Amino acid sequence: MFRRRRPLLRAAAVGGTAYVAGKSVARNRAAQQQQDERLDDLEQQQAPAAPDPVASAGATPSMTDQLSQLATLHQQGALTDDEFAAAKAKLLGG
């Protein structure tokens, strides 16, 4: 009069495995979403701000300001060494 419990144990094992796999997928998705949000925040912080139209309407930036802006872009990796050298030469020569 013993009942067979194997189907019940098998169902519990399959269900438990599916539960663990589902939790792992959800955890990975949450981690990827957090990483994407952090990257978006960093990109927004590094994006150059639009120039103020009121301040730039009448005055042109000085040569030192332009050189420092070029240097900043070069340090951030927005300009390659060749691009930086060409822009600096154009600014100083022109």
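Structure data summary
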read-out	value
Backbone HN-Hα couplings from phi across segment 17-34 [Karplus 6.51/-1.76/1.60, Hz, Gly and Pro as x]	5, 5, 4, 5, 5, x, 5, 5, 5, 5, 5, 5, 5, 5, 5, 5, 5, 5
Integer Hz, Karplus 6.51/-1.76/1.60 couplings in order for segment 73-84, x for Gly and Pro	4, 5, 5, 6, x, 6, 10, 6, 4, 5, 5, 5
log10 of Debye I(q)/I(0), alpha-carbon scatterers only, for segment 1-42 at 0.21, 0.23, 0.24 Å⁻¹	-0.71, -0.76, -0.79
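Read-outs throughout are calculated quantities, based only on the coordinates presented, and are distinct from any laboratory measurement. Since we're looking at a predicted model, the values are computed, not measured.
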